[in-house]
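Report on the following structure.
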Amino acid sequence: MASRLWATKVAHHLKISVKHRGFASVVKELKYCNSHEWVKADGNSATVGITDHAQDHLGDVVYVELPEVGDVVTQGNHFGSVESVKATSDINSPISGKVVEVNEELSSSPGLVNASPFEKGWMIKVEMSDVGEVNSLMDSEKYSKFCEDEDSHH
């Protein structure tokens, strides 16, 4: 009897700790901006998406509006939006350049933004017009700290 009670307590405890996950995950080799987008730079091409922190705050994403291939994006300006069950948020570009690829899968599977924000849920690929812009962005350590500070003020 005692062991069953103990098992129930453990299961109950585990269920709780799964629900209340700590701070959102960050990926070391990416760069971040304070509007919660990430960039993976590779030469002069860059992949852009929103962070785990952003999707966590948005809730279930139901629609993603993205630019067309060939559109020009500018650092700090919005290029699309994410609609969740809670709200619609603009997505800002962390870098400037020309859109060379758009993640078409997001139109039929917007939930990829929640499930895999850093991998399958990427949004656009950009040919950067100024590779140096990446240096103005936060690294994973600074971004984690930024998220902690932001969360503690809400």
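Some observations on this one:
- Our analysis of the range 19-68 gives Rg over Rh at 1.01, with the two radii drawn from alpha carbon positions and Rh computed by the Kirkwood formula.
- Dipole magnitude of the range 27-152 about its Cα centre (Cβ charges: Lys, Arg +1; Asp, Glu -1), debye to nearest 20: 140
- Share of Cα-Cα pairs in the range 27-152 lying beyond 19 Å, as whole percent: 42
- Protection proxy ranking for 46-56, 133-143, using the average of other Cβ atoms within 10 Å per residue and placing the highest first: 46-56, 133-143.
- Label-point separation in nm, H78 to N44, each point 7 Å along Cα→Cβ: 3.0
Where a number appears in this text, it was derived from the coordinates with a stated rule and is not lab data. Treat the numbers as computed from the prediction; the structure is a model and nothing was measured. Positions of Cβ are generated from backbone atoms using ideal geometry, with glycine treated the same way; all protein chains shown enter the neighbour counts.
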